[in-house]
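See structure below.
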Amino acid sequence: MSYLHLSFYSAFTLSSLGLAFHRTHLISALLCLESMMLSMYIALTMWPIQTQTSSPTMLPIIMLTFSACEAGTGLALLVASARTHGSDHLHNFNLLQC
Amino acid sequence: TISSNHWILAWAGLEINTLAVLPLISKSHHPRAVEAATKYFLVQAAASALLLFSSMTNAWHTGQWDITQLTNSTSSLILTSAIAMKLGLAPFHFWFPEVLQGSPLITGLLLSTAMKFPPITLLYMTSSSLNPTLLTIMAILSTALGGWMGLNQTQIRKTLAFSSISHLGWMAIIITYYPKLALLNFYLYTLITTAVFLTLNTTKVLKLSTLMTAWTKTPALTAILMMTLLSLAGLPPLTGFLPKWLIIQELTKQEMAPAATIISLFSLLSLFFYLRLAYCSTITLPPHTTNHMKLWHTN
């Protein structure tokens, strides 16, 4: 595994750990989601450079489009939860407990 | 997602699915619906990112993006966890009852049947390279947790969520050995669950106490609901028994008889709450649940 691969694995793993261990604010979870997508984007961009193929060069743009849509949806949900729950504190998300 | 050969297209299909169903969940702007939508979004987005990561790992190690050739073992492990998160298999099932509870009934139907179809298709397409041990552990855990956690529920949507989790356990245990049986199980489960959800939508019942008075609205429909619930439980001679029987037969052929025994014992737990639902819908007259001294809690 080269140094490049290691950096992407660690970036993605750190972001996913940040998503898993978020504590108070919803927006930190959304931020970690975005950083996962960013690391995937850079990894996808490096791939056709490493393997010298020119056909998957458009894949990063497509991936970025979808992740932008997802980020927008996440922010819309943040706004909606701020309107109904009052804040984005995750402690307030307990209406649906068993 | 179903007809794709390239991982990026599969990922794009799953993303579109997630984004499309989110407004359906939060349509009514009730706080519970918004909270359910937020939880659904976080889980599904994280699972999609993990899926993309596993396909990227596979691409780096093998040089290609074909779905049917997932040969790297790390990447198949990560893929299995990502799809388990999307489906609601234990130990990634914690979001599913709450999301199903917060969504309207027809959207709940969509969430438990149609939204499970693409991840199961992905498992079907990669089934030859998945790790059987991990899937067996997740399947047994799913049937156990689905049975145990569904026992104390009075909200019907949460009960149906736990029934979905246990059925997914049955599907996951057979997918590496005989994937077509998993698909058969999924189709039959979809059919029966659609019937249950549509019945509940017609009579507009959401809780166990409402279910007890539903027979006054449509007596024939509640009688059929009892049969449908027992079919979900997997009792012969109803249809729901067929996938369980075939799965147990296939597992014993693959020298996995202990796993087959454990999984059928755990589905006895879910039989209890199906029976309770059937009992409350057809055999009792409100407000008395039984003629005996012990009363079931219904509110």
Quiz item: Within the range B:152-171, is even one residue surrounded by fewer than 22 Cβ atoms within 10 Å (Cβ to Cβ) and either assigned to a helix (DSSP H, G or I) or in the same structural domain as residue B:55 (by the TED database) (or both)?
Solution: yes
Self-check item: Among the candidates B:244, B:207, residue that is more than 23 Å from residue B:140 (Cα to Cα) and among the basic types (Lys, Arg)
Solution: B:207
Quiz item: Quick check, is residue B:28 part of a loop (DSSP other than H, G, I, E, B) and open to solvent by 10 Å² or more (accessible area, probe 1.4 Å)?
Solution: yes
Quiz item: open to solvent by 20 Å² or more (accessible area, probe 1.4 Å) and modelled with pLDDT under 85, is that true of residue B:246?
Solution: no
Exercise. Can you work out which of the residues in the range A:63-98 that are farther than 18 Å from residue B:46 by Cα, facing another protein chain (nearest Cβ under 9 Å) and out of contact with any helix residue (DSSP H, G or I) (no Cβ under 6 Å at 6 or more places or on another chain) is least open to solvent (accessible area, probe 1.4 Å)?
Key: A:94
Practice problem: Output yes when any residue across the range B:49-57 is touching a Lys or Arg at 6+ places or on another chain (Cβ under 6 Å), closer than 27 Å to residue A:88 by Cβ and within 12 Å of another protein chain (Cβ to nearest Cβ), and no when none is. | Solution: no
Quiz item: Any idea which of B:238, B:277, B:269 is out of contact with any strand residue (DSSP E or B) (no Cβ under 7 Å at 6 or more places or on another chain), buried (at least 16 other Cβ atoms within 10 Å of the Cβ) and not in a helix (DSSP H, G or I)?
Solution: B:238
Self-check item: Residue under evaluation residue B:20, criteria (1) in contact with a helix residue (DSSP H, G or I) (Cβ under 8 Å, 6 or more places away or on another chain); (2) outside any loop (DSSP other than H, G, I, E, B); (3) surrounded by fewer than 16 Cβ atoms within 10 Å (Cβ to Cβ), criterion not met
Solution: (1)
Exercise. Out of A:25, A:5, report the one residue that is open to solvent by 20 Å² or more (accessible area, probe 1.4 Å) and at the interface with another protein chain (Cβ under 8 Å from one of its Cβ atoms).
Key: A:5
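The values are calculated or read from the model by the stated rules, or taken from the named source; none is laboratory data. Quantities reported herein were computed from a predicted structural model and do not represent experimental measurements. With ideal geometry, Cβ positions are generated from the backbone for all residues, glycine too; neighbour counts draw on all protein chains shown. Heads up: the accessible areas ignore ligands, DNA and RNA and are worked out on the full protein's heavy atoms, side chains in. Shrake-Rupley method; radii C 1.70, N 1.55, O 1.52, S 1.80 Å.
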